[in-house]
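Note sheet for the following structure.
Bear in mind these aren't lab numbers, they're just calculated from the coordinates by the rules spelled out. None of these values were measured; they are calculated from a predicted model. Here Cβ is always computed from backbone atoms with ideal geometry, including for glycine, and neighbour counts include all displayed protein chains.
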Amino acid sequence: MKLFPRSGRGALAAALMSAMLAAGPALAAGPAPASSPTPASNAAPANDPTPAQLDLAKKILVAAGLKNPMDQIVPTMLSQLQTQLLQIHPEMGKTLHETLLALMPEFNKGEEGVFTDSARPLAKAMTEAELQETLAFFDSPAGRRYTAVQSQILDAFSASAHAWREKLTTVMLERTREEMKKKGFSF
């Protein structure tokens, strides 16, 4: 008896890539020319982001699809706990399931603080104007489409990188062996 179905394969990878790419539209434009004055809202971010910056960063993370994987942490952990406990105590069945469902709100309490802490680096790294531009991208049709397909792209990227790594491992060993043999070593 599962609490919730698991999220799709690659959800965490998609979330991480989204975080890295969230700043893309704003950063693609590059820095403002030195001769143009920088309005106060475009000033370099301070060490502590403003409430507005933090709110925008959180909205970006939601729009980029990063909130859903976080929402799945507690249910996934409770499902794993349930599976493990039922292997040892199968007689607990329905009672365990009901208990875990009742406990879920207690375990979810810390999520908002963790989500805010996760948004803080983005809020610190970008100005309010850049955050607004980035959010506008993720709220646009292209941004929503990007969010929808990112896990497929990351799965393909991961598969390609894995295949290259496997091939490279063999080539590295062979080439190192060849070069070391020229120097009188063999392995």
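Bridgeable lysines around Lys94 (alpha carbons under 27 Å apart, same-chain partners fewer than 8 residues away excluded): Lys2, Lys109. For the pair Asp48 and Val149, a Förster radius of 25 Å applied to the C-beta separation gives a FRET efficiency near 0.10, rounded to the nearest 0.05. Taking label points 7 Å from Cα along the Cα-to-Cβ direction, Val171 and Met70 give a separation of 4.0 nm. Taking packing as the residue-averaged number of other Cβ atoms within 10 angstrom, the listed peptides 128-135, 165-172 run from highest to lowest as 128-135, 165-172. From the alpha carbon centroid of segment 78-107 to that of segment 111-187 is 35 Å. Peptides 50-63, 92-105 ranked from most to least packed give 50-63, 92-105, packing being the mean of other C-beta atoms within 10 angstrom over each peptide's residues. Can you tell me how segment 32-187 classifies by the Cα gyration tensor, rounded, prolate or oblate, using a/c under 1.5 as the rounded cut? Since a/c reaches 1.5 but b/c is at least a/b, the shape of segment 32-187 is classed as oblate. Were the residues from Glu98 through Ala142 laid out at 0.36 nm apart, the gain over their Cα-Cα distance would be 11.7 nm. Converting phi to 3J(HN,Hα) with the Karplus coefficients 6.51, -1.76 and 1.60 and the offset θ = phi - 60°, segment 76-93 yields 5, 5, 5, 4, 5, 4, 4, 4, 5, 5, 5, 5, 8, 10, x, 5, 6, x Hz in sequence order, with x at every glycine or proline.
As a ratio to 2.2 N^0.38 Å, the alpha-carbon radius of gyration for segment 110-174 is 1.70. When Lys67, Lys181 are arranged by Cβ crowding within 10 Å, least crowded first, meaning fewest neighbours, the order is Lys181, Lys67.
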